[in-house]
Amino acid sequence: MVKQFLPILFPSWRFFSGIGPSPRVELGFVVGRDESPDYWVAFRPLPQRLTTVQHIVRLFHNPHWNELLFINTCAERLFEAMDEFYMDEIAHRLLAAIQRGEMSIPDKQRYLIFRIRAIYSEAAPVNVMGNIRDEIFVQSRPYQLEPQGVDE
């Protein structure tokens, strides 16, 4: 019986056929459609420290992490082939997070632009880590932000 549970407790690292680039999503805000952001902000950066209670709660309820995993999955699909559907899906999730107040928009900014950075290891022999590369993979078109603080 123990032999049946060991693979569950200690999965084989050969489960993954390969490790691809790891996406990182960053946001920038601009006033005009033809501008470039002055600076970029990481979307939902990982916390520096979590308490034991926070770890336990996150095991059972962590909707922000689940949504971030979905956004990363969309970004990984873009690594395979550029598709406007995935770009728009990422933008939709980012705009919804802004509307929920997860991040503030700098004054007078009217558009959101996001970019996806690809972090990966260069080719190296098996069981050897290659040089880590961090490159901008894609930058989105501008997406209109909803007016803030406007009563209807």
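The values are calculated or read from the model by the stated rules, or taken from the named source; none is laboratory data. Keep in mind that what you see is a predicted model, and the values were worked out from it rather than measured. Cβ: placed from backbone, ideal geometry, glycine included. Neighbour counts: every protein chain shown.
Summary table
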read-out	value
Selection count, region 24-63, where residues are more than 27 Å from L112 (Cβ to Cβ) and either part of a loop (DSSP other than H, G, I, E, B) or charged (D, E, K, R) (or both)	5
First in region 59-88 and under 17 Å from F137 (Cβ atoms), second anywhere and of a type in the set (D, E), Cβ under 7 Å, 6 or more apart	C74/E89; R77/D83
Matching residues, region 93-104, being charged (D, E, K, R) and either more than 22 Å from N72 (Cβ to Cβ) or modelled with pLDDT of 90 or more (or both)	R93, R100
Matching option when the condition is modelled with pLDDT of 90 or more, farther than 17 Å from I19 by Cβ and part of a loop (DSSP other than H, G, I, E, B), among R141, R115	R141
Options I98, I105; residue that is touching an Asp or Glu at 6+ places or on another chain (Cβ under 9 Å), more than 22 Å from S22 (Cβ to Cβ) and in contact (Cβ under 8 Å) with a residue 24 or more places away in the chain	I98
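One line per residue, one yes/no per condition, for (1) over 24 Å from R33 (Cα atoms); (2) modelled with pLDDT of 90 or more; (3) among the hydroxyl-bearing types (S, T, Y); (4) exposed (fewer than 10 other Cβ atoms within 10 Å of the Cβ):
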{"residue": "N72", "(1), (2), (3), (4)": "yes, yes, no, no"}
{"residue": "E76", "(1), (2), (3), (4)": "yes, yes, no, no"}
{"residue": "Y86", "(1), (2), (3), (4)": "no, yes, yes, no"}
{"residue": "P106", "(1), (2), (3), (4)": "no, no, no, no"}
{"residue": "A124", "(1), (2), (3), (4)": "yes, no, no, no"}
{"residue": "D134", "(1), (2), (3), (4)": "yes, no, no, no"}
